[in-house]
């Protein structure tokens, strides 16, 4: 019987350095804004990622960072999220202390908290570690008006592409260059030959 070969993997020196930076920033951000006693660094990292990982979180943070105080419907249009996802993201970000909700005579408005503004260093470390694909920046949504034209498919596609963290200039200093494409023959899945 032929045994399958086993490979071991390790981080390259550059990869290890990037991961160390990301871990340090994630843990430090959590420590600064959510002081929990007796929490290990690894738990802080996991907790920070739990707060930032739901789909749509970066889109909401990016829209608020780019446009400032926004109403619910403006955030909904700027992010391209459906209504229930927008509601869940804003509610969760509010519970996590990342977004503040204020009520006024024209309805509720949302803004970034100091904790959210301090995420810029964390997002920069993540962008260095895993460079995103550059995407166009969505235009600021207009106030709801029954006489205005509805969004087209092209506009929705532009907003969907704008979900990339690299599209938020105030959260990122410089968007990294896109990675060099790897030829298909290098990335193709290889399968061992079947033996009888």
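Points to keep in mind about this one:
- Considering residues of the range 1-59 that are under 18 Å from the mean Cα position of the chain (by Cα) and part of a loop (DSSP other than H, G, I, E, B) only, the residue surrounded by the most Cβ atoms within 10 Å (Cβ to Cβ): 56
- Each residue in the range 112-144 was checked for being loosely packed, with under 14 Cβ neighbours inside 10 Å, more than 15 Å from the chain's Cα centre (by Cα) and either modelled with pLDDT of 75 or more or under 26 Å from residue 19 (Cα atoms) (or both), and 1 pass.
- Scanning the range 60-70 for residues that are crowded, with 17+ Cβ neighbours inside 10 Å and within 19 Å of residue 103 (Cβ to Cβ) gives 60, 64, 70.
- Count of residues meeting criterion [touching a strand residue (DSSP E or B) at 6+ places or on another chain (Cβ under 8 Å) and surrounded by fewer than 13 Cβ atoms within 10 Å (Cβ to Cβ)] in the range 78-102: 1
The values are calculated or read from the model by the stated rules, or taken from the named source; none is laboratory data. Please read all numbers here as calculations on a predicted model, not as lab measurements. In this analysis, Cβ positions are derived from the backbone assuming ideal geometry, glycine residues included, and neighbour counts consider all displayed protein chains.
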